[in-house]
Every structure is written in structure tokens, then in C-alpha cells.
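Let me begin by presenting the structure, written as C-alpha cells, before commenting on it.
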Amino acid sequence: VFHYTYGGVYGAGVLMDRGIAFATAQQGTGRTGAYITLSCYYHFVSGNTHVPFLDGFGTFSVIGAGTSGALDYVHIVATHPALTGLTDAYLSNWHNSVHESFGIAVNSWPSDFEVLAVAQDGWGNFTAPDGVTGYPYILARGVIPDRCGNGTLDANEECDDGNNIDHDGCSAACNREACTDSDGDGVCDAQDLCQGNDLFGDPDQDGICSDIDACPNDPMNDDDGDGICGSVDNCPFVANPTQQDVDGDGLGDACDPDWDNDGVANAADNCPYDVNPDQADTDHDGAGNACDSDYDGDGVIDSQDACLPTATGETVNSQGCSLAQLCPCVNNWKNHGAYVSCNARQSTAFVNAGLMTQAQKDAWMSQAGQSSCGQ
């Protein structure tokens, strides 16, 4: 009360108000809250002085500001309902804000209490989770450390599973807790989307258990619809069913802006599949010297041939691709249906282009349907 309006700052008043509000908020919960301040009573005691008044909660010991030196700068290091509306500025600069503090000896307070705020000046030896050192000033039970829930095991945490939820094996305050794990997959039943169904759960968190998920590591489940799971698709957002990658750089041709990696973009490259950074074109026919030929003899010059090489004698489309190249059997198909669907789509295009008859298409589709491709 002495510091209530010191320097025109009402921080002490806010602290008392929040402490009392926290204690009275326990009504109707079956629990009793308490806000306890030691005021100036222990101001002149030496370190590790026992506080009998707090014995009902465990063993506490303090050191007085008359021994530690004046403590005026306070820093909040945890989250707790009692601190609602409080800031470092409210808790500091009361002209000796802290009259006694905890923690210069091991076990200066019970293990079920944690530090909410520290006095930074002086020679306190407590290190908070955020790295600040000082004398522990405000303690409480039910504290959530300031880094709890970030998925990293920080100081004062027994565990950290990346959330502040109870009953999942790691409590909201990052303490270990028991839970029921019916299928033994390491995920508590309360959070297990695949309880009793799949020991590996749902690794891509798409709501489909991995034992029935066609793309268990792809939360978008083949986002581009080309029959290949995004986790292994060399063009996950652009359809590239053949997975063609002429330059072998891991980026499929359907989404690679520079197929030959010669530094010239495909749209401007007169030899998009052949390295020719100088873009030399002696005969000025639009095809660079590096590719002015028909390498695979399919009637489509290399500069326009999207499927190099094509086996001799195979019918190709205007891009130089045969049906076998457009829909290869050896491929990471999602299933047999995806392989058959690719063949149906491409063979129809061949019929429409006059490259094969309907009878030839029917024979081709019969062969595709009876194959084991994609299974």
C-alpha cells in the first residue's frame, strides 16, 4: 500500500487487484485461491531465511533486500491468470519494488510452484526460460512457462509437444502426464485420429489414417491430380504424369522454367532441351545449332521433341511423344486406375489427331487394362 501510487505509476495497485481477483475467481470450482504478500516483513533478513507463514504450502526461504541490495526492476517470465493486465513497467520503479525474494539456495520453494517474475538487479542466481537472471520475486502454482507449447524442451519443462493441452501425455504447463494409448502408437487417445486403426496414425494430418491413405505423406493427396502423390511428385502443383525431367535436376519438365539448365528460359531458348547458352543459330531457322536435328528419327526435330529419345517405329504426336512415353508402365502411379485413365486420355488425343484408328485405340486400351501397371 505504501507504494500504491509511487511516481504516479499505479503498478502496485494493479498487482494487488490482480492477485485478489485471481484468488476470488476460484469460487464455485471446489478450490480455494490465495493471494499472499510478505510486504516488508523480511526486508532485512539474510539469505535462506525460513518463512513459517507459508508452511501450509511447503517450505519457502527468502533473502531480504537489505541483504541483496535494492531491487527495483522486475521482469515477467511466465504466463498465469494472476498476471493478467500486468507488465514489467507496472512491477518496476516503486523505489525498492521488491523487499524480499526467493531462490538463492536449492529448494527455496516447493517443486509445484514456479516463478512468474524475477527482480533483475542485484546478484540473483535464478535463470528464467527466456535467459534473464535475477531473484525470483512472484511465485505461483499452475504456471505455464513462457516457452511452453513451442515444441522445444526449454528450461523448467519436463516435456513440450507443441501445444498447451492437457491429457495428451504432456500437460498444458509442459509437465509429463499419463494418458491412455489404446493402439500403442505414442499418441494419446484424446488426440489420436486413428485410434485402434493404425499404429502410425495420420503423419500428414489430412484426417485420413495412413493405412488407408493413398498418399500418407501428402496432406494435399495429389494436389495436381496427375496420379502421383505430392511427396514424390517432381512437379507437385503442376500435372506431370510422366515425371519427365530431361536435365535431371529433380524438377519435372512441366514446371521447370529451364529444361536444359543453360541459363536461358524455355520460352526464349532456341534449344530448350540442349545446352546452348550462346543461342547460336547458323541457318536462322529458329532451331539452335545444338539441337538442329532429329535425334530419335521420329519426324519431330529435337528442338520441338518433348520425349527424347523415342523408340524406333513408334507413333508419336506433334511433341514427339509416344503413348508408352506419355503413360509409362514403370512410374509412381497412385493406382492401376490412374495408369488406365492416362492411356484413355492420351489415346483419344491420338485418334482425334489421326495418328491411330479407333480399333487400334481399343486394342491399346485392352492391353492397358490387362496390364499390372500401377498395381
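Would you mind giving the average projected area, over all directions, of the Cα convex hull of the stretch 62-182 in nm² with one decimal? Write down the numbers at each step before the final one.
Details: hull surface 30.9 nm².
Averaged projected area of the stretch 62-182's Cα convex hull equals 7.7 nm².
Per residue, the accessible area of the chain comes to 52 Å², computed with a 1.4 Å probe over protein heavy atoms only.
Residues considered: HIS284, HIS50, HIS95. Largest GNM mean-square fluctuation over the chain, using C-alpha springs under 10 Å, is found at HIS284.
Using alpha carbon coordinates only, what is the Rg to Rh ratio of the stretch 324-375, with Rh defined as the Kirkwood radius? My calculation puts Rg/Rh at 0.97.
Give a quick list of chymotrypsin sites (Phe, Trp or Tyr not before Pro) in the stretch 207-281 that DSSP marks as loop, anything other than H, G, I, E or B, with at most 13 other Cβ atoms within 10 Å.
Working: sites: PHE237, TRP259, TYR273; in loops: PHE237, TRP259, TYR273.
When the chymotrypsin sites (Phe, Trp or Tyr not before Pro) of the stretch 207-281 are filtered for loop state and at most 13 Cβ neighbours within 10 Å, PHE237 remain.
Of the heavy-atom accessible surface of the chain (probe 1.4 angstrom), what whole percent is carbon and sulfur? All intermediate terms of the calculation are to be shown ahead of the outcome.
Values: 10470 of 19380 Å².
In the chain, the share of accessible area belonging to carbon and sulfur is 54 percent.
Shown here are the Rg and Dmax of the Cα trace of the stretch 33-98, at 13.3, 33 Å.
The modelled label-to-label distance for the pair ASP189/TYR10, using points 7 Å beyond Cα in the direction of Cβ, is 5.1 nm.
Springs join every pair of Cα atoms under 10 Å in this Gaussian network model of the chain, and among GLY227, GLY85, GLY337 the largest mean-square fluctuation is at GLY85.
Across the stretch 41-123, C-alpha contacts under 8 Å between residues 6 or more apart give a mean separation that, scaled by the residue count, equals a relative contact order of 37 percent.
What relative contact order, as a whole-number percentage, does the chain give when Cα pairs under 8 Å and 6 or more residues apart are counted?
Details: 714 pairs, mean separation 25.4, N = 375.
Contact order relative to length: 7 percent.
Highest GNM mean-square fluctuation among GLU114, GLU177, GLU314, for the chain modelled with Cα contacts below 10 Å: GLU314.
State the percent of C-alpha pairs, over all pairs in the stretch 239-375, separated by a distance greater than 19 angstrom.
Numbers: 5184 of 9316 pairs.
For the stretch 239-375, the share of Cα pairs beyond 19 Å comes to 56 percent.
For the chain, a Kirkwood hydrodynamic radius built from all Cα pairs, placed in the Stokes-Einstein relation at 20 °C and 1.002 mPa s, yields a translational diffusion coefficient of 78 µm²/s. Near VAL74, the amide H atoms lying under 5 Å from its own belong to SER92, ASN93, GLN120; only residues 5 or more places off or on other chains count, and H is placed 1.01 Å from N.
Shown are HIS80, HIS336, HIS167, whose ranking by accessible area with a 1.4 Å probe and every protein chain present, most to least, is HIS167, HIS336, HIS80. I'd like the isolated cysteines in the chain, meaning no second cysteine's beta-carbon lies under 4.7 angstrom from theirs. Unpaired cysteines in the chain: CYS40.
Rounded to the nearest 500, the helix-only mean residue ellipticity at 222 nm of the chain stands at -4500 deg cm²/dmol, with each DSSP H run of n ≥ 4 adding -39,500 (n - 2.57). One Cα centroid belongs to the stretch 36-113, the other to the stretch 243-289; the line between them spans 71 Å. Spin-label pair ASN289-ILE20: with each label point 7 Å from Cα along the Cα-Cβ axis, the two points sit 9.2 nm from one another.
The values are calculated or read from the model by the stated rules, or taken from the named source; none is laboratory data. Because the structure is predicted, anything quoted here is derived from the model rather than measured. Glycine gets a Cβ as well: all are built from the backbone with ideal geometry, and neighbour counts include every protein chain shown. Ligands, DNA and RNA are excluded from the accessible area calculation, which covers all protein heavy atoms including side chains. Shrake-Rupley method; radii C 1.70, N 1.55, O 1.52, S 1.80 Å.
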